[in-house]
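One structure below.
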Amino acid sequence: MRKAINIKIFSILIFALIFSMYQETSAQRKKPNTKTQQTEVKPVPPEIGFTVSMSKPFTHLLEVEMRVKWTQMPEKTELKMPVWTPGSYLIREYARHVQNFSVTDANGTALTWQKISKNTWQVDTKGAKEIVAKYNVYANELTVRTNELNDEHAFFTPAALLMFVKDQLKTASTVKVNPYGNWKVATGLPSVDGQTNTFRAENFDVLYDSPFEVSDFKEISFTVQGKPHRYVVTGDGNYNLEKIAKDTAKIIEESYKIFGDLPYENYLFILNTRGGGGLEHLNSTALQWNKYGFAGGGHTRFLGLVAHEYFHLWNVKRIRPDALGPFDYENENYTKLLWVAEGATSFYEGVLLQRAGLITANDALGTRASAFQGLQNIPGRFETSLEEASFDAWIKYYRQDENSVNNQVSYYDKGEIVNFLLDAKIRMDSNGAKSLDDVMRYLYAEFSKKGKNYTPADYQKVSEMMAGKSLEDFFAKYVRGREELDYNSILNGFGLKLETGSGSQTAYLGATTADVNGKLTVRAVAAGTAAYEQGLNTGDEIVAVDGLRANQAFLQSIIAEKRPNDKIKLTIFRFDELREIEITLGGRIPPNYKIVRMDNLTEDQKRLYNQYFGIQ
Ligand SMILES: [Zn+2]
């Protein structure tokens with residue numbers, strides 16, 4: 001029986017073993033199911049509402065209340081400030097202006113919190129399904145990417161003011177503004193029906209894309225292609241608002257001709273007549289211009305800024321380079337395409353003004369010639385390609401120093417030139433059938449409208465599609481490479497040629513100097529020049545030239561008297577030490593770039609030129 005018993009026990013053991021194996025395999029099989037069932041619990045987004053108040057403008061403190069109502073509120077909820085704002089590619093650490101942070105549940109009971117990173121406030125919610133965070137943001141810097149509150153107005157950049165809940169950037173939110181006194185509120189966000197000064201953003205990319213101006217602003221509205229447009233202007237100045245509106249409408253019409261639609265319900269121009277610069281948004285722009293800078297040519301220069309920021313609503317906001325949207329607000333967003341996002345926009349800035357009849361063909365060519373001259377003055381063009389300059393914007397473009405002239409190139413300036421050359425090349429290669437307009441239109445239709453971002457390879461491919469030829473050589477040399485641009489090879493196709501200056505060589509030092517607090521100081525030294533090769537340094541204080549007391553005018557007049565290879569004796573303070581440097585001057589033909597028409601034009605050259613400038 002023992003045997004039998006043994007057999008019985010054995011079979012029980014076998015059964016148990018098989019059963020446990022079955023259980024394991026079925027458990028393994030079941031596991032993913034259980035997991036799926038768990039993730040199938042539909043994530044419910046939080047309801048997020050901000051209130052922005054400004055009860056004491058003179059303190060420069062914007063008061064923010066952030067209410068988060070959430071059935072799935074984590075025990076530890078993280079509230080985060082962006083570290084940058086799109087369009088301005090520098091980590092700006094907006095969290096540094098946050099103060100007086102506190103948080104409660106819906107009943108006003110204080111909750112504990114702690115900072116867990118430079119821009120993250122972690123709240124112990126203790127099971128609360130609604131939390132109310134309050135904080136102030138010091139706002140005393142007027143730029144298009146920061147905040148300012150004073151007794152004149154409040155301008156705020158939402159990425160620099162409003163926090164987001166970790167992983168909830170796709171969540172909608174509302175912003176209620178409590179203006180100071182009789183101030184009015186303007187923003188590109190749609191307002192919430194029936195609620196005063198309350199606006200809605202469908203997600204945080206839209207929220208962070210919509211600056212606010214709150215003041216007793218002047219305004220003017222106009223309609224283009226059936227869509228309402230509005231300027232709100234804070235600050236007086238020598239502008240003519242009617243004229244600005246009329247000319248802006250022309251720029252909008254020309255942009256409409258390129259793309260065939262105006263992809264917004266309405267568009268807002270926020271103008272402050274202090275500071276400088278502009279920042280693009282989906283259906284608005286923030287512009288800053290010196291209050292007395294509208295007279296004479298100033299009006300047209302201001303329209304250049306308008307055209308630039310307005311054109312961006314397609315190029316960069318909708319026609320998006322690979323990494324630029326949806327955005328990561330806590331880190332650098334790297335792209336090699338800022339030379340298109342900014343460069344092509346700078347190119348179209350002039351194109352739109354010219355097509356709108358706000359500048360002449362000669363003005364346009366004059367501007368191009370000065371741009372060429374500017375680039376040819378920069379030794380950094382041999383150090384950094386357009387793609388490299390784009391990629392390194394975060395550490396270079398916004399952090400210029402005395403060596404920038406030697407180690408970088410601007411993706412705006414060279415980007416504008418290379419897009420101009422690309423446009424011209426497409427026109428030539430396609431025999432006038434296509435242009436960069438077709439590239440923009442294609443990117444808008446086939447990428448933007450289909451929800452896709454484009455890559456560097458796409459930009460080349462679409463350009464080649466329009467040219468009907470390979471542009472590999474062009475992109476390899478001028479976009480990915482650092483080769484000298486051959487302007488005339490392209491200009492000649494239009495019956496134009498570049499003249500860079502004439503006459504004999506004059507003496508050239510190669511240092512940029514200026515009188516700073518009464519001291520003649522070296523500001524930058526260009527690589528390859530006499531000053532660079534013979535040891536003059538940025539920061540050197542020049543006290544005497546050839547034994548005579550120096551100032552800027554005197555130094556320039558002495559150099560003008562000299563000839564190439566003549567010597568000049570500079571007495572300088574380097575740090576605190578007095579020394580003498582003798583420099584053998586270099587030479588150059590003073591640059592005076594002009595684009596002129598060639599003689600004896602062929603029919604092709606005439607046709608391309610006339611097409612380019614819209615001459616019938
Ligand atoms: Zn721009």
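The values are calculated or read from the model by the stated rules, or taken from the named source; none is laboratory data. No experiment lies behind these values; they were computed from the predicted model shown. When we count neighbours, we look across all protein chains shown, and the Cβ atoms used for this are built from the backbone with ideal geometry, even at glycine. SASA here: full protein model, heavy atoms, side chains in, ligands and nucleic acids out. Shrake-Rupley method; radii C 1.70, N 1.55, O 1.52, S 1.80 Å.
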### Query
Is it true that some residue in region 229-243 is in contact with a strand residue (DSSP E or B) (Cβ under 7 Å, 6 or more places away or on another chain), at negative phi, open to solvent by 30 Å² or more (accessible area, probe 1.4 Å) and in a strand (DSSP E or B)?
yes
#### Entry: Within region 273-309, tally of residues that are closer than 18 Å to residue 440 by Cα and either away from the ligand (no atom under 12 Å from the Cβ) or more than 13 Å from the chain's Cα centre (by Cα) (or both)
2
### Query
Looking at region 346-362, is at least one residue surrounded by 18 or more Cβ atoms within 10 Å (Cβ to Cβ), within 13 Å of the chain's Cα centre (by Cα) and over 28 Å from residue 95 (Cα atoms)?
yes
### Message
Going by what's in this entry, would residue 255 be described as buried (at least 18 other Cβ atoms within 10 Å of the Cβ), farther than 24 Å from residue 146 by Cα and either within 16 Å of the ligand (Cβ to nearest atom) or free of Cβ contacts under 8 Å to residues at least 12 places away in the same chain (or both)?
### Response
yes
### Query
Which residues, counting only those in region 396-414, are open to solvent by less than 60 Å² (accessible area, probe 1.4 Å), within 16 Å of the ligand (Cβ to nearest atom) and at pLDDT 95 or above?
410, 411, 412, 414
#### Entry: Failed item in (1) free of Cβ contacts under 8 Å to residues at least 40 places away in the same chain; (2) open to solvent by less than 10 Å² (accessible area, probe 1.4 Å); (3) assigned to a loop (DSSP other than H, G, I, E, B), with residue 313 passing the rest
(1)
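Conditions (1) within 18 Å of residue 507 (Cα to Cα); (2) surrounded by fewer than 15 Cβ atoms within 10 Å (Cβ to Cβ), marked per residue:
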{"site": "555", "(1), (2)": "yes, no"}
{"site": "561", "(1), (2)": "yes, yes"}
{"site": "565", "(1), (2)": "yes, yes"}
{"site": "580", "(1), (2)": "no, yes"}
{"site": "585", "(1), (2)": "yes, no"}
{"site": "588", "(1), (2)": "yes, yes"}
{"site": "591", "(1), (2)": "yes, yes"}
### Task
Would you check if there is a residue in region 319-342 being within 12 Å of the ligand (Cβ to nearest atom), open to solvent by 10 Å² or more (accessible area, probe 1.4 Å) and in contact with a Gly (Cβ under 8 Å, 6 or more places away or on another chain)?
no
### Residue list for region 478-500, filter: of a type in the set (Val, Ile, Thr) and either assigned to a loop (DSSP other than H, G, I, E, B) or in contact with a Ser or Thr (Cβ under 6 Å, 6 or more places away or on another chain) (or both)
479, 500
### Query
Just checking, how many residues over region 192-230 are farther than 30 Å from residue 247 by Cβ and not hydroxyl-bearing (Ser, Thr, Tyr)?
12
### Message
Residue under question is residue 275, and the condition is that it be part of a loop (DSSP other than H, G, I, E, B) and either free of Cβ contacts under 8 Å to residues at least 60 places away in the same chain or crowded, with 21+ Cβ neighbours inside 10 Å (or both); does it hold?
### Response
no
### Message
Checking residue 151 against (1) open to solvent by less than 10 Å² (accessible area, probe 1.4 Å); (2) assigned to a loop (DSSP other than H, G, I, E, B), only one condition comes out false. Which one?
### Response
(1)
## Note on the structure
Only one of 445, 457, 393, 467 is over 20 Å from residue 341 (Cβ atoms) and either away from the ligand (no atom under 16 Å from the Cβ) or touching a residue at least 40 places away in the same chain (Cβ under 8 Å) (or both), namely 467
### Query
Does any residue of region 600-608 turn out to be surrounded by fewer than 12 Cβ atoms within 10 Å (Cβ to Cβ), of a type outside the set (Phe, Trp, Tyr) and either more than 23 Å from residue 490 (Cβ to Cβ) or in contact (Cβ under 8 Å) with a residue 60 or more places away in the chain (or both)?
yes
### Query
Which one of 489, 470 is under 17 Å from residue 376 (Cα atoms), hydroxyl-bearing (Ser, Thr, Tyr) and surrounded by fewer than 19 Cβ atoms within 10 Å (Cβ to Cβ)?
489
### Query
Is there a residue in region 367-389 that is closer than 23 Å to residue 86 by Cβ, under 21 Å from the mean Cα position of the chain (by Cα), surrounded by 17 or more Cβ atoms within 10 Å (Cβ to Cβ) and among the hydrophobic types (A, V, I, L, M, F, W, C)?
yes
